[in-house]
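Undergrad: Just passing along the structure, written as structure tokens.
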Amino acid sequence: MKVFISKRIPETGIKMLEEAGLELIFPEKENLSYEDWLHYCQNTDAILSVGGAFNYDKSFFDACPNVKAIALYSVGFDHVDVKEAVKRNIPVGNTPDVLSRATSDVAFLLMQSVARRASYNFQKVKNDDWGAFDPLHALGQELYGKTLGIFGLGRIGFEMAEKSKKAFGMNIIYHNRHQNPEAEKQLEAAYVSFEDLIKNSDVLSVHANFTPEQKELFNNSVFEKMKPNAIFINTARGGFHNQKDLCQALVDRKIWGAGLDVTNPEPMAADDPILELSSVCVLPHIGSATVEARNGMARIAAENIIAFSKNEKMPHCANPEVYSHHSS
């Protein structure tokens, strides 16, 4: 079975695939054009897909009839038309759990960095701009006893909430499609409406799976309803927020600060005005960028491919209905 691996991944996963006797195909260069990527995909049985540069949509599946399985090197699968994959009996694997801690660490880091204006002050040091002591200049805020609002309290959101409660005694509120009894029991988290979430959060952290219906959900009309001291954190997908509206809300002091590991667009322009603001911290999508998380992602992606090669169910499948669909 031929497996196309679209970008270099940790050796852990490569070794597992080789030991399973699979034929691995790697691109000859990095940053493939769409046409080159498509050519590789057309000549393969399964894809270990790294990064979300290109979409797995109807036109892709039409152009690549030989592709029988896709294993994503990610938790998110918003760049895959899952319904189309199910129609064609194509399982789509992903890598949940293994990066929950690492990604929540980044959300927690951003919350503190924004609260204490760390990026702004680090830039001052780099610019040799220490200045005279000013008791009122660019003050931060403390997080103790504040309310953390989680939009999408799944595995990553739970980790973020747990850290925040233990470190700062923060009160946890959340909005989900479904209630999370475990979080309510362990973290005393309160399930609230979306309106109450945005109205009552001192820190609002986005951790939901992105869907097209939620495109730019966090826009001017939402920021206007948030607290003036509120910090907006997004480590999920840049599509959740309208970045121009976010910048304007910060300039107009409708909200206090923002911490982003994902941007809209991504990558964002280096001269984006939001980067000039003192209560903003932006990172280049490094949520899962630890040795432990990336090795774990490689292992799970490899497990998904190997299971498929043995006609077994992928252990981590984003569209498990493909199996019942296939057997019916």
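Every read-out reported here was derived from the displayed coordinates using simple, explicitly stated rules and does not represent laboratory data. Fair warning: this is a prediction, and the values are worked out from it, not measured in the lab. For neighbour counting, all protein chains shown are included, and Cβ atoms are generated from backbone atoms with ideal geometry for every residue, glycine included.
Undergrad: How big is the dipole moment of the chain about its Cα centre under a simple scheme where the beta carbon of each Lys and Arg is +1, that of each Asp and Glu is -1, and everything else is neutral? Debye, nearest 20, please.
TA: Details: 34 positive and 42 negative charges, 109 e Å.
So the dipole magnitude of the chain works out to roughly 520 debye.
Undergrad: So if each residue of separation counts as 0.36 nm, and I subtract the Cα-Cα distance between Val251 and Lys166, what length gain in nm does that give?
TA: Values: separation 85, 0.36 × 85 = 30.60 nm, distance 3.20 nm.
So the chain would gain 27.4 nm between Val251 and Lys166.
Undergrad: Also, I was wondering about something else. So if I take the centroid of the Cα atoms in region 56-70 and the same for region 199-278, what is the distance between those two points in Å?
TA: If you average the Cα positions of each part, the centres end up 34 Å apart.
Undergrad: Can you list which of the GluC sites (Glu not before Pro) found in region 124-219 are DSSP loop residues with at most 13 other C-beta atoms within 10 Å?
TA: Values: sites: Glu142, Glu159, Glu162, Glu182, Glu184, Glu188, Glu195, Glu213, Glu216; in loops: Glu142, Glu188, Glu216.
Sparse-neighbourhood loop GluC sites (Glu not before Pro): Glu142, Glu188.
Undergrad: Using a Gaussian network model of the chain with C-alpha springs under 10 Å, which one of Gln248, Gln112, Gln123 is most mobile by mean-square fluctuation?
TA: Gln123
Undergrad: Where Lys and Arg each count +1 and Asp and Glu each count -1, what net charge lies around Glu30 among other residues with Cβ under 15 Å from its Cβ? Write out the running numbers ahead of the final one.
TA: On the way: positive: Lys7, Arg8, Lys29; negative: Glu28, Asp36.
Summing Lys/Arg as +1 and Asp/Glu as -1 gives +1.
Undergrad: Over the chain, calculate the relative contact order: mean separation of alpha carbon pairs under 8 Å at least 6 apart, over the residue count, as a percent.
TA: Working: 622 pairs, mean separation 70.1, N = 328.
Once normalised by length, the contact order is 21 percent.
Undergrad: Around Met16, under 12 Å between beta carbons, what's the net of Lys plus Arg minus Asp minus Glu among the other residues?
TA: Values: positive: Lys15, Arg299; negative: Glu11, Glu18, Glu19, Glu303.
Result for the local shell: -2.
Undergrad: Let me ask something else about it. Which order do Phe122, Phe240 fall in if you start with the one that has the fewest other Cβ atoms within 10 Å?
TA: On the way: Phe122 12, Phe240 22.
Result, fewest neighbours first: Phe122, Phe240.
Undergrad: Quick check: pseudo-label points 7 Å beyond the Cα along Cα→Cβ at Ala132 and Glu188, how many nm apart are they?
TA: Rounded to a tenth, the inter-label distance reads 4.7 nm.
Undergrad: Another question, if that's okay. Summing Lys, Arg as +1 and Asp, Glu as -1, what charge do residues with Cβ under 9 Å from the Cβ of Ala230 carry, Ala230 excluded? Before the final figure, lay out the partial values.
TA: On the way: positive: Lys227, Lys254; negative: Asp202.
Local net charge: +1.
Undergrad: Which helices count as membrane-span-like in the chain under these terms: full DSSP H, at least 18 Å along the axis by C-alpha, Kyte-Doolittle mean of 0.0 or more?
TA: Details: long enough: 100-115 (23 Å, 0.72); 155-168 (20 Å, -0.63); 291-309 (27 Å, 0.38).
What comes out of the filter, once short or polar helices are dropped, is 100-115, 291-309.
Undergrad: At 20 °C and 1.002 mPa s, what whole-number value in µm²/s does Stokes-Einstein give for the translational diffusion of region 100-282, with Rh from the Kirkwood sum over Cα pairs?
TA: The diffusion coefficient I find is 130 µm²/s.
Undergrad: Dipole magnitude of region 211-289 about its Cα centre, charges +1 at Lys/Arg Cβ and -1 at Asp/Glu Cβ only, in debye to the nearest 20?
TA: Numbers: 7 positive and 10 negative charges, 60 e Å.
Once rounded to the nearest 20, the dipole reads 280 debye.
Undergrad: Quick one: order Ser205, Ser113, Ser278 by neighbouring beta-carbon count within 10 Å, fewest to most. Each step should come with its number before you reach the end.
TA: Values: Ser205 29, Ser113 25, Ser278 16.
Lowest to highest Cβ neighbour count: Ser278, Ser113, Ser205.
Undergrad: If we count other beta carbons within 10 Å of each Cβ, what is the order of Cys247, Cys281, fewest first?
TA: Details: Cys247 18, Cys281 26.
In order of increasing Cβ crowding within 10 Å: Cys247, Cys281.
Undergrad: With Rg and the Kirkwood Rh both taken from Cα atoms, where does Rg over Rh land for the chain?
TA: Numbers: Rg = 21.5 Å, Rh = 21.3 Å.
So for the chain, dividing Rg by the Kirkwood Rh gives 1.01.
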